[in-house]
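Encoded as structure tokens, the structure appears first; notes follow it.
The values are calculated or read from the model by the stated rules, or taken from the named source; none is laboratory data. Nothing here was measured: the structure is a model prediction, and the numbers come from that model. Here Cβ is always computed from backbone atoms with ideal geometry, including for glycine, and neighbour counts include all displayed protein chains. Just so you know, the surface numbers come from the protein's heavy atoms only, side chains and all, with ligands and any DNA or RNA stripped out. Shrake-Rupley method; radii C 1.70, N 1.55, O 1.52, S 1.80 Å.
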Amino acid sequence: MKLEFLPEKRFMERALELALEAGEAGEVPVGAVIVSGGQVIGEGRNRRESLGNAIAHAEIEAIARACERLGTWRLSGCQLYVTLEPCQMCAGAAYNARVERVVFGAESPEAGTLKIPAYPGFMEDEARQILRDFFARQR
């Protein structure tokens, strides 16, 4: 991979904070932020259980908030930082929103699928630990 883009730790750290909030609320701990021009313009966390909504994923919430803030559905030039590799639905939403790049922590062999440039494994240990801790408490 040609490193013309270097992910910023502070954005993944915010996504990790959101993942922890989700886990504390009984949700699968996934957090996401959308970044444009070095600023967070949208963020989200999983809310599927609390909202009883199958599409209430962190990435969908972050994309929706970024679109609201920019006043457009086109997120060209934006990056999505997310703690878990996006599922097909979320990858499709990022693709359709024209997100430039996805930076994610833990890979998701069961559900992950990306069709846009990605920077996988960024702060993977931290992202994976949040998921392990959550599921250990659930069992």
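Key figures for this structure:
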quantity	calculated
Neighbour cut-off at most 13 other Cβ (10 Å), DSSP loop, trypsin sites (Lys or Arg not before Pro), segment 1-109	2, 74
Additional length obtainable on full extension of the chain from residue 6 to residue 51, 0.36 nm per residue less Cα span	12.7 nm
Distance-filtered residues of segment 41-73 - backbone nitrogen under 15 Å, label point 7 angstrom along residue 17 Cα→Cβ	41-45
Shape category assigned to segment 1-132 from the gyration tensor of Cα positions, a/c cut at 1.5	rounded
Inter-probe distance in nm under a simple model that places probes 7 Å from Cα toward Cβ, at residue 128 and residue 39	3.6
Rounded percent of accessible protein surface that carbon and sulfur make up, the chain, 1.4 Å probe	48
Rounded Å value of the spacing that divides the Cα centres of segment 1-63 and segment 74-88	9
Å² of accessible area per residue within the chain, as computed with a 1.4 Å probe and no ligands counted	53
Cα-based equivalent ellipsoid of segment 71-139: semi-axis lengths in Å, sorted from largest, via gyration tensor	25, 12, 11
Fraction of beta bridges assigned by DSSP in the chain that are antiparallel (%, nearest 5)	60
Local electrostatic count at residue 71 - Lys and Arg +1, Asp and Glu -1, tallied over other residues with Cβ under 15 Å	+3
